[in-house]
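Quick one: the structure is below, and I'll ask about it shortly.
Here, each number is a calculation from the coordinates, and none is a lab measurement. Keep in mind the model is a prediction, meaning the values are calculated, not measured. Here the Cβ positions follow ideal geometry from the backbone for every residue, glycine too, while neighbour counts run over all protein chains shown.
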Amino acid sequence: MSNKYQDFLFFNPNCENVSFQGVVEKVFDYMTDQPSEFYEIVIGCDSDSNERPSFPVVLVILRKGRGGRFFLTKIRYPEDSKKRFFTFRQRILEEVYLSCEMALGFRDSIKERVGKSPLKLNYQFQYVHADVGQNGPTKDMIKEVVGLIKSNGFEAKIKPESFAASIIADRFT
């Protein structure tokens, strides 16, 4: 699978900027540091309200009940790109598309990396967080967004449970 995230740098407040493969290694190292713990990996995205918004996409790994880490990259389409987001709906769907695209690439990469380890790591990667909820202007998009996420093989979390998109990525818009 082609993964455009391979060429991106990811920010983490605890370490230097890292490549996509570096994120895979950091997540793997975090899990192997305490291999008996349970881990959950989630991805979410947000955007600002410009016609040419930036899209911070965040990957979160939680050591359940014991904190976690996140890695974030910002996607901004070049000025000469034909990609424009004139409506709120277009921006939300792009957030979900970018989240699913990264989730698919990361799921394959971490599965391959964990498969090479003799350790039995206990993790799940089943949720994509979407910045939509029952209140506000996104309430009419919930079925569409949840359907898009499910069609990519993940389960959707929406507000107030979608912290990766609505809290962490939101800080970086």
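Using only Cα atoms, locate the centre of region 1-42 and the centre of region 108-146, then give the distance between them in Å, rounded to an integer.
Measuring centre to centre over Cα atoms gives 15 Å.
Determine the calculated [θ] at 222 nm for the chain from helices alone, applying -39500 (n - 2.57) to every DSSP H run no shorter than 4 residues and normalising by the residue count; nearest 500 deg cm²/dmol.
Taken over the chain, the calculation gives -10000 deg cm²/dmol.
Can you tell me the dipole magnitude for region 12-171 around its Cα centre, using point charges on the Cβ only (Lys, Arg +1; Asp, Glu -1), in Debye to the nearest 20?
200 debye
Still on this structure, I have one more. Restricting attention to region 72-105, which chymotrypsin sites (Phe, Trp or Tyr not before Pro) occupy a DSSP loop and are surrounded by at most 12 other Cβ atoms within 10 Å?
Taking region 72-105 and a limit of 12 other Cβ atoms within 10 Å, the loop chymotrypsin sites (Phe, Trp or Tyr not before Pro) found are 86.
Remind me, relative contact order of the chain in percent, using alpha carbon pairs under 8 angstrom and six or more residues apart?
28 percent
Once you put a point 7 Å from the Cα of residue 116 and another 7 Å from the Cα of residue 11, both along the Cβ direction, what distance in nm separates them?
Taking the simple label geometry, residue 116 and residue 11 are separated by 2.9 nm.
Given H placed 1.01 Å from N in the peptide plane, which residues other than close sequence neighbours of residue 132 have an amide H under 5 Å from its amide H?
The list, which skips near neighbours in sequence, is 159.
Starting from 0.36 nm per residue, how many nanometres of slack lie between residue 52 and residue 30 once their C-alpha separation is accounted for?
Between residue 52 and residue 30, full extension yields an extra 4.4 nm.
Next up: What is the helix-to-structure angle for 20-33, meaning the angle in degrees between its Cα long axis and the longest Cα principal axis of the chain, kept from 0 to 90 and rounded to the nearest 10?
50 degrees
Connecting C-alpha atoms closer than 10 Å in a GNM of the chain, tell me which of 44, 105, 65 has the biggest fluctuation.
65
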